Amino acid sequence: MTLSPSATAMRTHLCGELRREHIGETVNVCGWVGRRREHGEHLAFLDVRDHLGVVQCVVDNSIDVRSEYVVRVTGVVRARPAGTVNDHLPTGEIEIGECTVEVLRAATPPPFPIDARADEVDENIRLQYRYLDLRRERMQRNLRVRAAINSAVRRSMEGQGFVEVETPMLVPSTPEGAREFLVPSRKEPGSFYALPQSPQLFKQLLMVGGVDRYYQIARCLRDEDLRADRQYEFMQLDAEMSFASQDDVLAAISSAVLDAAEAVTGERPPEIERVTWHDAMDRFGVDKPDLRFGLELVELTDVFGATEFKAFAGAAAVKGIRVPGAAGEYGRNQLDKLTDRAKGLGAKGLVWLKVAADGSFESPVAKFLSAGESAAVTERLGAEPGDLVLIVADEWMTTVEVLGQLRNDLARPPVHEGPYRYVWVVDFPMFVGTDEQGNPKPAHHPFTMPHPDDLGDLETDPMNVRSQAYDLVLNGWELGSGSIRIHDTAIQRRVFSVLGISDEEADRKFGFFLNPFEFGAPPHGGFAFGVDRLVAILAGEENIREVIAFPKTQSGTDPMTSSPLPVDAAQLATLGIRVLPKG
Ligand code: ASP
């Protein structure tokens, strides 16, 4: 008899592992009762399920078991009678016959069926009974994909000489950009710890501490509105390297990600390509381009350099996208909606052109375009009869962002559709936008090293300074970010000054972080990527909640534990906290 590696004192095999080769063996399996069918008074068919799968058990005497009872079944594996083989089930060629069934635990009927039908159930109910939801094949698979990724990442990082170091969960508030969760101090009422947005400052101090190559699969917490790819708590593969260039960091992280992907899909993705931030914005209108599909943004600014068409005249940037074969699908109503969408995204308007059978444009504005302009649009975009062309003319950033969003709206495939297209986005700008005081805001975080070629422009032309920051993107999801850090205090003070942070304020707020650098900080850089996001994409899930055992709902609550909850006045008093009435 073949002994299963999963055998225990109570079972010889897993339900889901039984196959033809087990025919004739007497086995014990344990699990939950799924479907139950009676044939007359004395014959019952039970589906018994464990984490690996389902097996059919034939019981010759009537027994009182119901859905989700926990049972131990003893019987003999046999071939299913001709005509009853189930091709959809890995165990579908066999069944366990002559079964005796021991009830290990009776169960209350579950609030939803423990199978694919639960996908249709209200998510709040699924999360309220998450422990039942987790029994399902889909969730079991997702948890296993997650474990496989964690394990492959650890192997890869250790193989590359990275050392796992844990960093604290109770930390000071840090300027990394996200809103923090605060934890009141009992010993010092009125003072607070923050929960870490990331181990950023600690990992940099580990470099000062001579650790050389650090990694951690770290829990990070950010009090930000939740979305499909965002939870309050999430896991990052966090890493930092001393004496390393951007290429070194990219190579190390690429290995870990590709190793993880290979562990799950069985296929090693090709080397990860690179695109500069400027090219990503210019071609795809986003800094997290989805390369699985075309509809690239096409440059038309020069075509309309001397145009008489008012909407395009004098625009800093004119660009277009071609939606192949879409002219017929888009009626007036939908085109109006697209135009509203473009305006909602910040454009002054949207020009649409349908390409007619003879190659001419059908559009209310066609008559304003010169023959030369129309010909150039057709040629640049490769427009063919039946295509729909969308054009935006505005400031460069607005033009690319609006078209980039329309490109995604119109053609982005669902997550489960391949292929996997990883891309490094490099040469991010140092600053993006300004705060209420008009100071530039850091695109990554304030500890990011400016691009060496642009350092001289830091004070004079900050918005055009590039940084040594990079993102890893997979199929339009930002997996993570990193940068080469500033290890020189003089440069750090210059960056703070551009951000409107005085030397005095910097010393007060970040002294604990900056002073240690005076004792000899090595040049260093690092990266962090979101494990939940990688798992979701590789598991084909649209929402990271599906790959987290106990996630929060979209509104940040946990229906299973009812948290967050008010606490006793006495508990608050110990912390020196009084809660103001609502509203
Ligand atoms: N701490 C950064 C983040 O969480 C990543 C890094 O720069 O290493 O985005």
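The values are calculated or read from the model by the stated rules, or taken from the named source; none is laboratory data. Computed from a predicted model, the values in this text were never measured in an experiment. Using ideal geometry, Cβ is built from the backbone for each residue, glycine included, and neighbour counts are taken over all protein chains shown.
Looking only at residues in region 231-251 that are within 13 Å of Ile484 (Cβ to Cβ) and either assigned to a helix (DSSP H, G or I) or of a type in the set (Asp, Glu) (or both), the one that is nearest to the ligand (Cβ to nearest atom) is Glu240. For His13, the criteria (1) within 24 Å of Arg141 (Cβ to Cβ); (2) of a type outside the set (Lys, Arg); (3) part of a strand (DSSP E or B) hold in every case but one, which is (3).
Which of the following residues is touching a residue at least 12 places away in the same chain (Cβ under 8 Å) and in contact with a Leu (Cβ under 8 Å, 6 or more places away or on another chain): Val303, Val298?
Numbers: Val303 fails: in contact with a Leu (Cβ under 8 Å, 6 or more places away or on another chain).
Just a single option satisfies the conditions, and that option is Val298.
Looking at Glu224, Glu262, can you tell me which residue is closer than 19 Å to Arg533 by Cα, surrounded by fewer than 18 Cβ atoms within 10 Å (Cβ to Cβ) and within 16 Å of the ligand (Cβ to nearest atom)?
Details: Glu262 fails: within 16 Å of the ligand (Cβ to nearest atom).
Answer to the check: Glu224.
Per the conditions (1) farther than 26 Å from Gln571 by Cβ; (2) away from the ligand (no atom under 16 Å from the Cβ); (3) surrounded by fewer than 18 Cβ atoms within 10 Å (Cβ to Cβ), the sole criterion not satisfied by Pro189 is (1).
Across region 95-134, what is the number of residues that are in a helix (DSSP H, G or I), hydrophobic (A, V, I, L, M, F, W, C) and surrounded by fewer than 18 Cβ atoms within 10 Å (Cβ to Cβ)? Please lay out each step first, then the result.
Of region 95-134, the ones in a helix (DSSP H, G or I) are 116-120, 123-128, 130-133.
Filter again for hydrophobic (A, V, I, L, M, F, W, C), leaving 116, 118, 125, 127, 132.
Those left that are additionally surrounded by fewer than 18 Cβ atoms within 10 Å (Cβ to Cβ): 116, 125.
Residues that pass the stated criteria total 2.
Scanning region 425-450 for residues that are buried (at least 19 other Cβ atoms within 10 Å of the Cβ) and either assigned to a strand (DSSP E or B) or away from the ligand (no atom under 16 Å from the Cβ) (or both) yields Val425, Val426, Pro429, Phe431, Pro440, Pro442, Thr448, Pro450. For Gln140, which of the numbered conditions (1) within 16 Å of the ligand (Cβ to nearest atom); (2) touching a His at 6+ places or on another chain (Cβ under 8 Å) fails to hold? If we test Gln140 against (1) within 16 Å of the ligand (Cβ to nearest atom); (2) touching a His at 6+ places or on another chain (Cβ under 8 Å), just (1) comes out false. Looking at this structure, is Arg268 touching a helix residue (DSSP H, G or I) at 6+ places or on another chain (Cβ under 6 Å), more than 27 Å from Ala443 (Cα to Cα), surrounded by fewer than 18 Cβ atoms within 10 Å (Cβ to Cβ) and basic (Lys, Arg)? Criteria met by Arg268.
Looking at region 501-550, which of its residues are small (Gly, Ala, Ser) and more than 10 Å from the chain's Cα centre (by Cα)? Steps first, please.
Taking region 501-550 and keeping what is small (Gly, Ala, Ser), we get 502, 506, 511, 520-521, 525-526, 528, 530, 536, 539-540, 549.
Within region 501-550, Ser502, Ala506, Gly511, Gly520, Ala521, Gly525, Gly526, Ala528, Ala539, Gly540, Ala549 qualify.
Among residues that are buried (at least 17 other Cβ atoms within 10 Å of the Cβ), closer than 14 Å to Thr301 by Cα and at pLDDT 95 or above, Val355 is not included. Any residue at all in region 140-157 that is surrounded by 16 or more Cβ atoms within 10 Å (Cβ to Cβ) and outside any helix (DSSP H, G or I)? Checking region 140-157: not a single residue is surrounded by 16 or more Cβ atoms within 10 Å (Cβ to Cβ) and outside any helix (DSSP H, G or I).
Considering only region 150-158, I want to know if a residue exists there that is within 16 Å of the ligand (Cβ to nearest atom) and polar (S, T, N, Q). Please lay out each step first, then the result.
Step one: of region 150-158, the residues within 16 Å of the ligand (Cβ to nearest atom) are 153, 157.
Pick out the ones that are also polar (S, T, N, Q) and you get none.
Within region 150-158 (the criterion being within 16 Å of the ligand (Cβ to nearest atom) and polar (S, T, N, Q)), the answer is no, since none of the residues qualifies.
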